[in-house]
Amino acid sequence: MNSTLFTDAMALTPAGDGVYDGELNEHWTIGPRVHGGAMLALCANAARMEHAGGAEPIAVSGSFLWAPEPGPMRVVTTVRKRGRRISLIDVELNQGDRVGDERSREEQKVAVRAAVTLGDPEHHVPPLLSVNPVVPLMMPEPPPGLEPIGPGHPMEDIVHLAHGCDIRPSLTTFTPRTDGGPPIIEYWVRPKGVAPDVLFALLCGDVSAPVTFGVNRMGWAPTVQLTAYLRALPADGWLRVLCTTVQIGQDWFDEDHIVVDCEGRIIVQSRQLALVPPAQ
């Protein structure tokens, strides 16, 4: 698949009986590995298509079993509850030698197992209470001079997402803090050629480089589990992403994202558990 459009990367073809076929797009990768947020968004899209009732994925909880490669894949959905306000659909994203073979789903290898809760996100009403740490720290648009990831950028060879979205990290927040405080990483992100939608906002809940950069652990940090909440629908414009952590252990670390749109609303909150990269 050569298209860099995010909407094309999310495309799924119904194959019947809750099964959908698609492609893990080579442009939505980190290094050689498919981006975890993109796979979680694909799972959410399959659940939304299977529900077919206008609901949105308000909570997505995914476990990552192994890291698939770009190429054909199959998504299998199982409806657990179809309710008036809340529905729950289990999703498995599979890849293997028999992708496209109708004889056996079981011979696919499960890469991501997700539970998707669908409902109606609060969008047109103000919250009763909101503690939004992003608005005081980050302007609605990237500050002047903040370069997008692309040719000549130090992250060009790793963050291939930049083929399909304009992504601008504040590199000054990547360096270890001298006061011993937690890393706080800032990004401005928007897709190229299309407006940000629910699925892109969910992807942004995993857009940051690992917070372990803040303790000089720079290698691949595989995500084991990631849970994201969709709080509202994004407005057309930049998404601001603030990434931080509570604890970086010797083996495991947590990483939190808050995604805020250009109108200042919290769109996505996420937390993941991942493995600390080895010391270089």
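The values are calculated or read from the model by the stated rules, or taken from the named source; none is laboratory data. What you are looking at is a predicted structure, and each value in this text was computed from that prediction instead of being measured. Note that each Cβ is placed from the backbone with ideal geometry, even for glycine, and that neighbours are counted across all protein chains shown. Note: accessible area is taken over every heavy atom of the protein model, side chains too, but ligands, DNA and RNA are not part of it. Shrake-Rupley method; radii C 1.70, N 1.55, O 1.52, S 1.80 Å.
Look at the alpha carbon pairs under 8 Å that are at least 6 residues apart: their mean separation over the length of the range 161-265 gives a relative contact order of 29 percent. Looking at the range 187-247, the trypsin sites (Lys or Arg not before Pro) that sit in a DSSP loop and have at most 15 other Cβ atoms within 10 Å of their own Cβ are Lys192.
Quick check: the angle from helix 36-51's long axis to the longest principal axis of the chain, C-alpha only, nearest 10 degrees? Once rounded, one gets 40 degrees. Accessible surface computed residue by residue for the chain, with neighbouring protein chains in place and a 1.4 Å probe, gives 48 Å² per residue. Name the shape class, rounded, prolate or oblate, that the alpha-carbon gyration tensor gives for the range 163-273, where a ≥ b ≥ c are the square roots of its eigenvalues, rounded holds for a/c under 1.5, and otherwise prolate holds if a/b is larger than b/c and oblate otherwise. The shape class here is prolate. Counting only protein heavy atoms and a probe of 1.4 Å, the accessible surface of the chain is 53% carbon and sulfur. For trypsin sites (Lys or Arg not before Pro), the sites in the range 1-100 that DSSP calls loop and that have at most 13 other Cβ atoms within 10 Å are Arg84, Arg85.
Across the chain, Cα pairs under 8 Å and at least six residues apart give a relative contact order of 18 percent.
Dipole magnitude for the range 1-152: computed about the Cα centre from +1 point charges on Lys and Arg Cβ and -1 point charges on Asp and Glu Cβ, it is near 580 debye. Dipole check for the chain: with +1 at the C-beta of Lys and Arg, -1 at the C-beta of Asp and Glu, and the Cα centre as origin, the magnitude is about 620 Debye.
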